[in-house]
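These notes are about the structure you will find just below.
The values are calculated or read from the model by the stated rules, or taken from the named source; none is laboratory data. The model shown is predicted, which means the values in this text are computed figures rather than measured ones. All Cβ positions, glycine included, derive from the backbone under ideal geometry; neighbour counts span all protein chains shown.
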Amino acid sequence: MADLQGLKFRVGGFAGTIIAKVGGVPQQIAGGDIYPALEKGTIDAAEWVGPYDDEKLGFVKVAKYYYYPGWWEGTGQGHNIMNLDKWNALPKHYRAAVESASRDSFTWVTGKYDAVNPPALKRLLVAGAILKPFPQEVLEGCYSAANEIYADLAKSNPHFGKMYASLSAYRNESLAWMQVAELSFDSFMMRMRTRT
């Protein structure tokens, strides 16, 4: 955790708030400006999308250490934000078309990254990236900081509080199932891949 003190970290949203809470200095920098900022030492670290996009932007040339997991973004999320009155004024078949296109786009993007990230990670490693897990202390420290931020925000913002309570309840149930289904299957498959 001490290594995060004063670390100038390109990261946005809640993740930036969490980094600040644990002593880092979050930086809001556009994607195209990350490489030169790392190269010049304007920032010390950067969070971006994943191996495929990191490779395209050439980050391995200016930042060799590649830490995981990206605890601040368990998965990507696509959003359509619309004025509710305007949405309600749309004919039902237009709303259905927007909903269908949104689902298809989200599924396509998630599937694309699931396909292109593994070979990109291999290429990054060949190019000299050093893959390192975040220490457990960092993961737990950031997790605790995040939960403190969410609890404070839930007290001051009733709408956030309602959504966070719903999300937390769902996440607890979902994680219990994922531990039985996905985690055990993925763990088994990871062990077996070396035997075939």
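Values computed for the structure shown
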{"item": "Of all residues in the stretch 59-85 being out of contact with any strand residue (DSSP E or B) (no Cβ under 8 Å at 6 or more places or on another chain) and either assigned to a strand (DSSP E or B) or among the acidic types (Asp, Glu) (or both), the one that is surrounded by the fewest Cβ atoms within 10 Å (Cβ to Cβ)", "result": "Asp85"}
{"item": "Among the residues listed as Ala115, Ala101, Ala97, Ala146, the single one being among the small types (Gly, Ala, Ser) and either surrounded by 13 or more Cβ atoms within 10 Å (Cβ to Cβ) or not in a helix (DSSP H, G or I) (or both)", "result": "Ala146"}
{"item": "Failed item, numbered, when Ile29 is tested on (1) under 22 Å from Glu140 (Cα atoms); (2) assigned to a loop (DSSP other than H, G, I, E, B); (3) more than 14 Å from the chain's Cα centre (by Cα)", "result": "(1)"}
{"item": "Failed criterion for Pro26 (all others in (1) closer than 27 Å to Gly111 by Cα; (2) surrounded by 15 or more Cβ atoms within 10 Å (Cβ to Cβ); (3) at pLDDT 95 or above hold)", "result": "(1)"}
{"item": "Some residue of the stretch 155-177 being in a helix (DSSP H, G or I), hydrophobic (A, V, I, L, M, F, W, C), touching a helix residue (DSSP H, G or I) at 6+ places or on another chain (Cβ under 8 Å) and more than 30 Å from Asp54 (Cβ to Cβ)", "result": "yes"}
{"item": "Per-region count, the stretch 9-23, residues crowded, with 19+ Cβ neighbours inside 10 Å, assigned to a helix (DSSP H, G or I) and not hydrophobic (A, V, I, L, M, F, W, C)", "result": "1"}
{"item": "Candidate set: the stretch 101-124, residues that are free of Cβ contacts under 8 Å to residues at least 24 places away in the same chain and over 19 Å from Thr75 (Cα atoms); chosen: the one farthest from the chain's Cα centre (by Cα)", "result": "Ala101"}
{"item": "Single condition Trp48 does not satisfy, out of (1) more than 21 Å from Tyr150 (Cα to Cα); (2) out of contact with any strand residue (DSSP E or B) (no Cβ under 9 Å at 6 or more places or on another chain)", "result": "(2)"}
